[in-house]
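None of the figures in this text is laboratory data; all of them are computed from the coordinates on show. The shown structure was predicted, so the numbers you read here are calculated from the model rather than taken from an experiment. Positions of Cβ are backbone-derived with ideal geometry, glycine not excepted, and every protein chain shown enters the neighbour counts.
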Amino acid sequence: MIIKLFKWILPDALKKQLTNFRILASEYGQFKTIKNWDCVDSTDEKIPWYTYPSIEYLRNLDFSGKEILEFGSGNSSSFWASRARQVTSIEHDEEWYLKTKKKIMGNQKIIYRNKETYTDIPSGSYDVVIIDGIEREACAKKISSFLNKETNQGVMVILDNSDWYKNTAKYLRDEMNFIEIDFHGFGPINNYTWTTSIFLSRDFNFQPVANVQPVFSMSASIQHAD
């Protein structure tokens, strides 16, 4: 009764704003991440510490046959391991490395590197490279020879906090000739917005999971207009 009364009294603009708050806090699960300092969604699936718009975009792509190289590790490593063929993560924090190593899946490998050797990339041919640790510009400048040159679907590089690393973004865009797509917005844990940028090679052609693109976002107004 009280809730119905409040709904009747509140102006429409305030009701819409409260609905938006509920979607972010509950349906995206942001309040839980702030409370527990843990990057998970509303169903407790581990997610990366990227912006929510970038996570929604990535969730719609098929990574099942892809090799992933990740600078940094954590819940993002589990997120990628549940989607990709193989994930190799490089971690500079020894305590965090030992903690994360206990949780890895069969298709995961985590490598400890100190600051001096952090950009020593393990041999491989990677379809996706995530730059989300230390020495980001140096990492970006080392990845070219390790990207998959045999694929007909192109490659992807993800740079988190790209608004803080403009020189790194410029290098990927100008020197490596990637297409830069910036995903601004809220994400887990933080009480501010930031930018996760996804860089795509000119021949990029990763397929959507269900052969549908775009999919409806979280709490979308479901309509089929064409």
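Some points to look at:
- Dimensions of the range 41-200 along the principal axes, based on C-alpha atoms and rounded to the nearest Å, stand at 39, 36, 32, largest first.
- Cleavage-rule hits, GluC sites (Glu not before Pro), the range 95-157, DSSP coil, Cβ neighbours within 10 Å at most 15: Glu116, Glu150
- For the peptides 27-34, 41-48, the ranking by packing is 27-34, 41-48, with the highest mean count of neighbouring Cβ atoms within 10 Å listed first.
- Remark: the range 108-226 projects, on average over all directions, an area of 10.2 nm² (convex hull of Cα atoms).
- Subtracting the Cα-Cα distance of Ala138 and Asn190 from 0.36 nm times their residue separation leaves 16.1 nm of extension gain.
- Each part reduced to its alpha carbon centroid, the range 144-176 and the range 32-65 end up 21 Å apart.
- The length gained by stretching the chain between Ser123 and Lys16 to full extension, at 0.36 nm per residue less their Cα-Cα distance, is 33.4 nm.
- Excluding same-chain neighbours fewer than eight residues apart, the aspartates and glutamates reachable from Lys115 by a Cα-Cα span under 17 Å are Glu70, Glu91, Asp93, Glu94, Glu95, Asp132, Glu135, Glu137.
- Point-charge dipole on Cβ atoms (K/R +1, D/E -1) for the range 41-200, about Cα centre, debye to 20: 340 debye
- Estimated 222 nm signal from helices in the chain, with DSSP H stretches of n ≥ 4 weighted -39500 (n - 2.57), rounded to 500: -6500 deg cm²/dmol
- Built from the Cα atoms of the range 10-117, the convex hull projects on average onto 8.5 nm², one quarter of its surface area.
- Restricting the range 151-226 to trypsin sites (Lys or Arg not before Pro) in coil, as DSSP defines it, with at most 11 other Cβ within 10 Å: Arg202
- Listed cross-link partners Lys66/Lys142; Lys66/Lys99; Lys99/Lys149; Lys32/Lys142; Lys35/Lys101 are compared with a 30 Å cut-off, the Cα-Cα value being larger for Lys99/Lys149; Lys32/Lys142.
- Shown here for the range 128-174: chymotrypsin sites (Phe, Trp or Tyr not before Pro) in loop regions (DSSP other than H, G, I, E, B) with at most 13 other Cβ atoms within 10 Å, namely Trp164.
- Inter-part distance where the range 8-31 and the range 184-210 are each reduced to a Cα centre, Å: 24 Å
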